[in-house]
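Chemist: Input: one structure, supplied below.
The values are calculated or read from the model by the stated rules, or taken from the named source; none is laboratory data. As the structure is a computational prediction, the values presented were derived from the model and not from experiment. Here Cβ is always computed from backbone atoms with ideal geometry, including for glycine, and neighbour counts include all displayed protein chains. Heads up: the accessible areas ignore ligands, DNA and RNA and are worked out on the full protein's heavy atoms, side chains in. Shrake-Rupley method; radii C 1.70, N 1.55, O 1.52, S 1.80 Å.
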Amino acid sequence: MHSHHWPHQSFTAPFTTTGRSALVRPPPWHYAGWLLNVAFRFDALAAMPLVPDAVGRPVGTGCVHFADWQACTDGHELLDPVLSQYRETIVVLEIERPDGSLCMYCPAIWVDQDISMVRGLLQGWPKKMGSTWLTRSLPLDHPAAALLRRGSKLGASLAVKDRRLFEAHAEFTGQPGRPLGFLTHATIGAVGWADLRQPEQFPELALVKPDIVERTGGYWHEVSASLRMASHPGEDIGLLGDLVVEDASAGWLGLTVAGARDA
């Protein structure tokens with residue numbers, strides 16, 4: 001029986017000869033967005049079930065990023081913004097690697113766009129569906145604009161499967177802010193896919209980190225913030241217990257992911 005080579009041009013499913021309907025195009029992936037970053041302390045031991053041993057040991061600090069993104073490949077998505085815009089909530093934990101260096105690890109992340117979800121899974125970011133809302137700061141001196149100045153207020157929330165999981169309130173202090181969370185160290189992802197031909201086996205995990213080739217912006221504005229995490233029957237992030245806010249900032253960021261490499 002002759003094998004038939006069926007050429008396709010799809011980076012991800014659906015696999016077709018044109019590749020037009022593939023959910024995700026190959027990198028580079030360009031991202032620009034507005035972020036509210038809330039750094040917290042927690043009991044490091046509580047995070048052990050969330051972090052693969054090979055990644056390292058949680059040190060007891062982490063960050064929630066509420067993000068309003070616009071992303072593209074060759075730019076065609078900017079002409080059809082339903083393809084480019086999405087919001088997400090990212091939790092990262094600071095990890096001491098076996099060699100003593102520091103990294104971030106993402107045990108939980110929720111997004112409202114299928115394109116972003118699959119891009120994330122390819123990078124080892126465990127994206128699930130969720131509804132994120134956050135106040136945008138607009139360059140207008142107007143009550144609705146949350147202008148970047150002392151006293152302006154911001155809010156953010158995440159709901160997952162109809163239950164509100166995170167809620168944050170923030171206020172600009174008028175001072176420069178600091179990069180927090182995944183803005184401070186490379187973030188390691190855990191990639192693994194189940195094989196239904198062997199349903200009794202759990203996937204082997206590969207650790208990867210993104211190849212970021214361009215970063216712009218990142219001038220952060222300090223905010224004072226409160227953060228509340230509610231219990232959720234379908235999410236393990238509650239294992240972290242009480243989160244104590246340490247620092248918070250807001251601002252704009254642009255970056256480009258060219259691919260990934262072994263971590």
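Chemist: If the Cβ limit is 6 Å and pairs must be 6+ apart or interchain, which residue in the range 16-38 that is under 18 Å from Arg215 (Cβ atoms) and touching a residue at least 40 places away in the same chain (Cβ under 8 Å) pairs with which residue that is open to solvent by 50 Å² or more (accessible area, probe 1.4 Å) and part of a strand (DSSP E or B)?
Modeler: From residues that are under 18 Å from Arg215 (Cβ atoms) and touching a residue at least 40 places away in the same chain (Cβ under 8 Å), the pairs are Ala32/Gln70; Trp34/Trp252.
Chemist: Now for a different question. Show the residue pairs meeting these rules: Cβ distance below 6 Å; 6+ apart or different chains; first residue within the range 202-221 and touching a residue at least 12 places away in the same chain (Cβ under 8 Å); second residue in a strand (DSSP E or B) and hydroxyl-bearing (Ser, Thr, Tyr).
Modeler: Val213/Thr256; Glu214/Thr256; Trp220/Ser249
Chemist: Determine which member of the set Ile237, Ile212 is open to solvent by less than 60 Å² (accessible area, probe 1.4 Å), at pLDDT 95 or above and either of a type in the set (A, V, I, L, M) or in a strand (DSSP E or B) (or both).
Modeler: On inspection, the qualifying residue turns out to be Ile237.
Chemist: Among the strands (runs of 3 or more DSSP E) confined wholly to the range 85-165, which include 3 or more residues that are closer than 30 Å to Pro26 by Cβ?
Modeler: Of the strands (runs of 3 or more DSSP E) lying wholly inside the range 85-165, those with at least 3 residues that are closer than 30 Å to Pro26 by Cβ span 85-96, 102-111, 127-129, 131-134.
Chemist: Tell me, yes or no, whether the range 2-13 has at least one residue that is out of contact with any Lys or Arg (no Cβ under 7 Å at 6 or more places or on another chain), within 16 Å of Met117 (Cα to Cα), open to solvent by less than 60 Å² (accessible area, probe 1.4 Å) and not in a helix (DSSP H, G or I).
Modeler: yes
Chemist: If you check Ala194 against the conditions, is it within 27 Å of Ala230 (Cβ to Cβ), more than 15 Å from the chain's Cα centre (by Cα) and small (Gly, Ala, Ser)?
Modeler: no
Chemist: Could you tell me whether Glu96 is in contact with a Lys or Arg (Cβ under 7 Å, 6 or more places away or on another chain) and among the acidic types (Asp, Glu)?
Modeler: yes
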